[in-house]
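What follows is a set of notes on a single structure, which appears directly below.
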Amino acid sequence: MQAGLAAERLRRPGIEIALVPITTAGDRDRTKPFGEIGSRGVFVKELEEALLSGRVDVAVHSAKDMTSTDADGLVVGAYLERDDPHDALCGVDELRPGLRIGTASVRRRAQLLALEPGLSIEPLRGNVETRLRKRRERGLDGVVLAACGLDRLGLSAEIARRFTAEELLPEAGQGALALQVRSGDEELVWQVDDSDTRRRVEAERRCVSAVGGGCLAPVAAFHDGMTLTGLVAAEDGSWVRRLSMDDPVALGRELAALAHAS
């Protein structure tokens, strides 16, 4: 789906495009929590290896799945125009004590529990359709997914509520597709780059990078076009620290300090 969207944007006279399916660690293991199979980057490593080996010329990623810094020898040559970056609640339209909500994201878990401590958060992995099916099979009241994924699949009718960024701050890069190329090959994709999406997503990625790998707390960063906001929280939602700054590096360092002090 994502590669097809990128191919449509890149297609022009004289350019031949072939889609090369690649299975990542995140695709292969749809049961374990992300932390047990490598955390951030589990959906990109094999694609980056294919780029570096010359097997493919362009890798299409969900920007939120990428690590906060580029791999050596690779760059994001283009970001497609960002779709809805927010989180969506499917199954119920409000949070109430006692509801069973499915998500594998520690970021979502922390913020959901901060909004309603009486929720029961249950791990739920798989692609969008699988998670919707598992919600029904397991009798969960709701599941939280990225709104953009549902929209792209024509499943917007499944959305009962779109959270605002004030309620659930999105993951860095959520809603954006990143077209990664080898350094020096940016001309392959530059013509489809959306400058506003690049400005916002790159600020979010720099913020998360500045928080650093030593911070084990859930982290979020989102630029709404005017303001860059970052967040760190306890996994159980018992504390949430949210800050806004213009400088993404300063913001990330301040968030890391808050997390270590909490």
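Key figures
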| quantity | calculated |
| --- | --- |
| Karplus-derived HN-Hα couplings along segment 114-122 (A = 6.51, B = -1.76, C = 1.60, θ = phi - 60°), whole Hz, x at Gly and Pro | 5, 6, 8, x, x, 6, 10, 9, 10 |
| Extension reserve of the Leu19-Ser244 stretch, reckoned as 0.36 nm per residue once the Cα distance is removed | 77.0 nm |
| Zone of Arg136's modelled label, taken as backbone nitrogen in segment 81-105 under 15 Å from a point 7 Å along Cα→Cβ | 90-92 |
| Diffusion coefficient, µm² s⁻¹, Stokes-Einstein with Kirkwood Rh over alpha-carbon pairs of segment 49-161 at 25 °C and 0.890 mPa s | 154 µm²/s |
| Coordinate range along principal axes, alpha carbons of the chain, Å, largest first | 58, 43, 33 |
| Stretchable slack from Arg11 to Ser156, in nm (0.36 nm times residue separation minus alpha-carbon distance) | 49.5 nm |
| For the chain, the longest site-free run once GluC sites (Glu not before Pro) in DSSP loop states with at most 15 other Cβ atoms within 10 Å are removed | 95-165 |
| Amide H contacts under 5 Å for Thr103, placed H, 5+ residues apart | Glu122, Leu124 |
| Distance histogram for segment 93-214 (every C-alpha pair counted, 10 angstrom bins, percent rounded to whole numbers) | 11, 35, 31, 18, 5, 0 |
| Positive-end residue of Gly149, Gly175, Thr130, charge dipole of segment 119-181 with Cβ unit charges | Thr130 |
| Volume in Å³ per residue [convex hull over Cα atoms, computed for segment 150-262] | 139 Å³ |
| Relative contact order (percent, whole number), segment 138-218, Cα cutoff 8 Å, 6+ residue spacing | 28 percent |
| Alpha carbon convex hull of segment 191-241, volume per residue in cubic angstrom | 87 Å³ |
| Ellipticity estimate at 222 nm from DSSP helix runs (n ≥ 4, -39,500 (n - 2.57)) divided over the chain, nearest 500 | -9000 deg cm²/dmol |
| Rounded to the nearest 10 Å², the accessible area of Asp57 at probe 1.4 Å | 80 Å² |
| Nearest-ten-degree value, helix 248-261 long axis tilted from longest Cα axis of the chain | 30 degrees |
| Å² of accessible area per residue within the chain, as computed with a 1.4 Å probe and no ligands counted | 47 Å² |
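The values are calculated or read from the model by the stated rules, or taken from the named source; none is laboratory data. Small disclaimer: the values here were computed from a predicted structure and weren't measured. For neighbour counting, all protein chains shown are included, and Cβ atoms are generated from backbone atoms with ideal geometry for every residue, glycine included. Note: accessible area is taken over every heavy atom of the protein model, side chains too, but ligands, DNA and RNA are not part of it. Shrake-Rupley method; radii C 1.70, N 1.55, O 1.52, S 1.80 Å.
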